[in-house]
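Let me begin by presenting the structure, written as structure tokens, before commenting on it.
The values are calculated or read from the model by the stated rules, or taken from the named source; none is laboratory data. Keep in mind that what you see is a predicted model, and the values were worked out from it rather than measured. Neighbour counts are summed over all protein chains in view; Cβ atoms, including those assigned to glycine, are modelled from backbone coordinates with ideal geometry. We work out accessible area using only protein heavy atoms, side chains counted, and drop any ligands, DNA or RNA first. Shrake-Rupley method; radii C 1.70, N 1.55, O 1.52, S 1.80 Å.
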Amino acid sequence: MLDSKIGGIAARKPVNTQTPYDPNHPKIKRVEVYWHTVTYKTIAVYAILIAAIVFAAVYLINPNLYSAAYDKLNKSIGNDGDAVAISQTQAKFVNLDGKVQVKKVNSVQWVDADFRTTLDKGDQIQTSSEGAARITFADGTTYTVKSGTFITVEENSMGNEKPSSSVVHINIGQVDLKTPNYSSPDSKAAVSMEDSVGILHSNSSAAMKADPEHKENEIVVSSGSAEVQRGQERVEIGAHQKASFPTGGPITKSDTLAPPDLSSPRNFEPLIVENPKTASIHFEWKPVPQAVSYTVRISTTAMFTRTVKEAPGVTGTSVDISGLDGGDYFWNVTATSGKKENSEVSETFRFTLVAQGKTQEMLLEITGTQIHGRVAEIIGKTEPGAALIVNGQPVPIIAADGTFRHFTEPLEPGQHTIVIIGENRRGGTAQQKVTIVVPK
């Protein structure tokens, strides 16, 4: 008997089962056995055909089954490119003060906002009487939602290599809008109010208010320019101008007071005093033409939801205020004209009130300064392990022996006073001031 393998399958060659002819032996019937040889390749082809028939039948019965399976497979292998692209185009909260709530477009429930909350088209946001929020879109546009405001995200288009577009609708309240320097001239940021829309141009800022109870709306531009559209009406507004448009009435444009420029305390400046509660803090700003008085406000929050001090009716351009505890504060100023018209709020500056350490003094010496274009280099020595702040900016590198070199941010031409303060590990504090002149 001979065996052989054909196509990987053992096959037995046919064998003659007939015995030699014997006339004396009873007649024996002959039996013949036949078979067909099958290769692995043939088996694979039939398996694929059967699987294809099964898949086709299932698809005809439930076509959605495969799309769901495909999505699940994408997630399982980490195909999150679309998710990343979506998160990069969503708006998000960058500041939250007080009670701020959000209702997503696909939800009926209001929830408290947090910094993980992302905003999409159709989402609604409301702030309480003591709440405020700042929202940033992917292109750098920021919307500051003031207290007692209710808005809806109407548009958020941030496609790659396409003009960006962000629009929110004010149902009631005020939104301050600030735009970056757009890379595309067709990009826009807008706020709609009832039957009108205010479009802010690149590198501009404005305050937009809607009061449906009194049927009054207005836009006040503090920098850059904007356009008000209502039906076929188009009105351009420049810096320090206001457009008022009551419901059903014409759009009127008028000039406004410019907000004051703040001088002292400088932004992020630390103030070291012996006793913060009794210390008199000097606030100063530049005069505004046509202004007859100013109002100074100090808050513990960046969006002024909690004002701790207010000085109205200041006739000069400075005021001294005391009674503040140690800590971080924010301050701004509003100008008022002889017609009792108020300017928009100035830029907000932050300062820190620090109690001087009495138990231990610390070493802090300024050994030299150098001017590099518009940047000042401050060279000095302090104690190892100490923390230093130069003009509100921390010194990132202090050598093991306490020496340091710090470069300021670009400064305007003219004379500047650089303030350096430090604190050592024992609680001791020190302060030094140097005067430099940046050439024109």
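Tabulated values for the structure
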item	result
Selection count where residues are under 20 Å from HIS169 (Cα atoms) and either in contact (Cβ under 8 Å) with a residue 24 or more places away in the chain or hydrophobic (A, V, I, L, M, F, W, C) (or both), scope the range 215-236	15
Positions within the range 152-187 being modelled with pLDDT of 85 or more and charged (D, E, K, R), in sequence order	GLU154, GLU155, ASP176, LYS178
Cβ pairs under 6 Å, 6+ apart, first in the range 320-349 and closer than 23 Å to VAL175 by Cβ, second of a type in the set (Gly, Ala, Ser) and open to solvent by 30 Å² or more (accessible area, probe 1.4 Å)	PHE330/ALA302; GLU344/SER222
In the range 284-308, residue most open to solvent (accessible area, probe 1.4 Å) [restricted to those that are within 10 Å of ASN332 (Cβ to Cβ) and part of a strand (DSSP E or B)]	ARG297
Some residue of the range 179-198 being under 22 Å from THR305 (Cβ atoms) and surrounded by fewer than 22 Cβ atoms within 10 Å (Cβ to Cβ)	no
In the range 338-390, the residues that are open to solvent by less than 60 Å² (accessible area, probe 1.4 Å), more than 30 Å from VAL292 (Cβ to Cβ) and not in a strand (DSSP E or B)	GLY357, MET362, GLY373, GLU383, GLY385, ALA386
Complete set of residues in the range 102-142 that are surrounded by fewer than 17 Cβ atoms within 10 Å (Cβ to Cβ), within 16 Å of the chain's Cα centre (by Cα) and of a type in the set (Lys, Arg)	ARG116
The range 360-371 residues that are within 15 Å of GLY385 (Cβ to Cβ), paired with ones that are charged (D, E, K, R) and at pLDDT below 90 (beta carbon under 6 Å, 6 or more apart)	GLN360/ARG426; MET362/GLU383; LEU363/GLU383
Test: GLY313 is more than 30 Å from ASP255 (Cβ to Cβ), over 33 Å from the mean Cα position of the chain (by Cα) and not hydrophobic (A, V, I, L, M, F, W, C)	no
Sole residue being more than 22 Å from ILE199 (Cβ to Cβ), open to solvent by 60 Å² or more (accessible area, probe 1.4 Å), in contact (Cβ under 8 Å) with a residue 40 or more places away in the chain and not aromatic (Phe, Trp, Tyr), chosen from LYS99, LYS92	LYS92
Breaking point among (1) more than 26 Å from GLU361 (Cβ to Cβ); (2) open to solvent by less than 50 Å² (accessible area, probe 1.4 Å); (3) not in a loop (DSSP other than H, G, I, E, B), for PRO260	(3)
Failed condition for SER318, given (1) of a type outside the set (Val, Ile, Thr); (2) touching a Phe, Trp or Tyr at 6+ places or on another chain (Cβ under 8 Å); (3) more than 30 Å from ARG306 (Cβ to Cβ)	(3)
Residue within the range 240-249 that is surrounded by fewer than 20 Cβ atoms within 10 Å (Cβ to Cβ), closer than 26 Å to TYR294 by Cβ, charged (D, E, K, R) and out of contact with any helix residue (DSSP H, G or I) (no Cβ under 6 Å at 6 or more places or on another chain) present	yes
Breaking point among (1) touching a residue at least 60 places away in the same chain (Cβ under 8 Å); (2) in contact with a Phe, Trp or Tyr (Cβ under 8 Å, 6 or more places away or on another chain); (3) open to solvent by less than 50 Å² (accessible area, probe 1.4 Å), for VAL153	(2)
Evaluation of ILE397 against (1) open to solvent by less than 30 Å² (accessible area, probe 1.4 Å); (2) without any contact (Cβ under 8 Å) to a residue 24 or more places away in the chain (one fails), failing number	(1)
Some residue of the range 268-283 being assigned to a loop (DSSP other than H, G, I, E, B), closer than 30 Å to VAL197 by Cβ, touching a residue at least 24 places away in the same chain (Cβ under 8 Å) and polar (S, T, N, Q)	no
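This table checks each residue for (1) among the polar types (S, T, N, Q); (2) over 20 Å from ARG306 (Cα atoms); (3) modelled with pLDDT of 90 or more.
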{"position": "VAL345", "(1), (2), (3)": "no, no, yes"}
{"position": "GLN356", "(1), (2), (3)": "yes, yes, no"}
{"position": "GLN360", "(1), (2), (3)": "yes, yes, no"}
{"position": "THR367", "(1), (2), (3)": "yes, yes, yes"}
{"position": "GLN370", "(1), (2), (3)": "yes, yes, yes"}
